[in-house]
Amino acid sequence: MGTVAENIESIRRRIRAAAERGGRDPEAVRLVAVSKYQPLEAIREAMASGQVVFGENYLQEAEAKIAALGPGLVWHCIGHLQSNKARTAAEIFDCVETIDRLKLAKALESRLAELGKSMPVLVQVNVGGEAQKAGVAPEEAGRLCRDLQQFPHLLLQGLMTMPPFVQEPEENRGCFRQLRLLGEALAAQGLLGQHGPVQLSMGMSGDFEVAIEEGATLVRVGTALFGEREQAV
Ligand SMILES: *Cc1c(COP(=O)(O)O)cnc(C)c1O
């Protein structure tokens, strides 16, 4: 494991190579640096390497970090959000990737309307179908996307998924492909794609290259960038 600067450089290289293997524009893939349980110092190192987009799972932790690090960064919520936390989430985040039910969307919309703030959001899909994972079932994603159209401050940009934990990244290729095909199907029905190209947030430290080959536009990378987290998740 190198320094954060070295890790970012190497991840960026691997992102480019994977995009080229998939016949895609490397510029169409954005790195979300997952900074949960990482100290401010590690985030500052990433910032010094030009990293702007960060992902956080826990509201209190995110709130403290966002306040400490000041403006100029882009914060994605990638953790499960309870509806009673939606007000704060609407205030502090720039994007919520984990919309998985109408109630949460309503609560976000209500606070965003008060703030006069629009926010890009993604619908989280449970492609692996694991009982303990958040996200809507693939066959319910269309309905949620349709319901989201009524909320003017939520800019629905695409889909996010967190596939089952596997030993070999190749084992997740099918899940990633499924998310891409779902995104294409929903765009064909006019349910996605109104706010720019459909975004697909998929791939983490162990499998982001496979995800990019399958169409990821956002990869959420934590340990490969920052090293092990200070606390078990
Ligand atoms: C923690 C987390 C990640 C990053 O995982 P790594 O394996 O450390 O890269 C990505 N996405 C979500 C939703 C996470 O909770």
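Note on residue 60 and residue 106: the model spin-label points, each 7 Å out from Cα along the C-beta direction, lie 2.8 nm apart. Working from Cα pairs under 8 Å separated by at least six residues, relative contact order for the chain is 22 percent. Scanning the chain for GluC sites (Glu not before Pro) in DSSP loops with at most 11 neighbouring Cβ atoms within 10 Å leaves 1-227 as the longest stretch between them.
Of all lysines in the structure, those lying under 22 Å Cα to Cα from residue 117, and not within fewer than 8 positions of it along the same chain, are 65, 85, 103, 106.
Any idea what the dipole of the chain comes to, in debye rounded to 20, about its Cα centre with Lys/Arg Cβ at +1 and Asp/Glu Cβ at -1?
Details: 25 positive and 30 negative charges, 102 e Å.
Charge dipole, the chain, about its Cα centre: 500 debye, nearest 20.
How would you classify the stretch 167-223 from its alpha-carbon gyration tensor, with a ≥ b ≥ c the square roots of the eigenvalues: rounded for a/c under 1.5, else prolate if a/b is greater than b/c, otherwise oblate? Please list the in-between numbers first.
Working: a/c = 3.61, a/b = 1.83, b/c = 1.97.
Oblate is the answer for the stretch 167-223, as a/c is 1.5 or above yet b/c matches or exceeds a/b.
The calculated FRET efficiency for the pair residue 171 and residue 195, based on their C-beta separation and a Förster distance of 25 Å, comes to about 0.20.
Amide H contacts of residue 160: 123, 124, 125, 201, each under 5 Å away and 5 or more positions distant or on a separate chain (H built 1.01 Å from N in the peptide plane; Pro and chain starts excluded).
Since only 93, 62, 216 are under comparison, the one whose Cα sits farthest along the positive direction of the charge dipole of the chain, derived from C-beta charges on Lys, Arg, Asp and Glu, is 93. Kirkwood hydrodynamic radius (Cα pairs, Å) of the chain? About 17.8 Å, per the Kirkwood formula over Cα pairs.
With θ taken as phi - 60° and the Karplus curve 6.51 cos²θ - 1.76 cosθ + 1.60 applied, the whole-hertz 3J(HN,Hα) list for the stretch 191-200 is 9, 9, x, 6, 10, x, x, 5, 8, 10 Hz, x standing for glycine and proline. Using C-alpha pairs under 8 Å with a sequence gap of at least 6, the mean separation divided by the residue count of the stretch 40-118 gives a relative contact order of 26 percent. The solvent-accessible area of residue 24, taken with every protein chain present and a 1.4 Å probe, is close to 50 Å².
Across the accessible surface of the stretch 1-112, with the other protein chains kept in place and a 1.4 Å probe, carbon and sulfur atoms take up 51 percent. Coupling constants for the stretch 29-43 follow from the phi torsions by the Karplus curve (6.51 cos²θ - 1.76 cosθ + 1.60, θ = phi - 60°), and in residue order they are 10, 10, 8, 9, 7, 7, 9, 4, 6, 9, x, 4, 4, 5, 5 Hz; glycine and proline get x. For residue 95, the residues whose modelled amide H falls within less than 5 Å of its own, excluding neighbours fewer than 5 places apart on the same chain, are 75, 77.
The values are calculated or read from the model by the stated rules, or taken from the named source; none is laboratory data. These figures come from a predicted structure and were not determined experimentally. When we count neighbours, we look across all protein chains shown, and the Cβ atoms used for this are built from the backbone with ideal geometry, even at glycine. Surface accessibility is based on the protein's heavy atoms, side chains included, excluding ligands, DNA and RNA. Shrake-Rupley method; radii C 1.70, N 1.55, O 1.52, S 1.80 Å.
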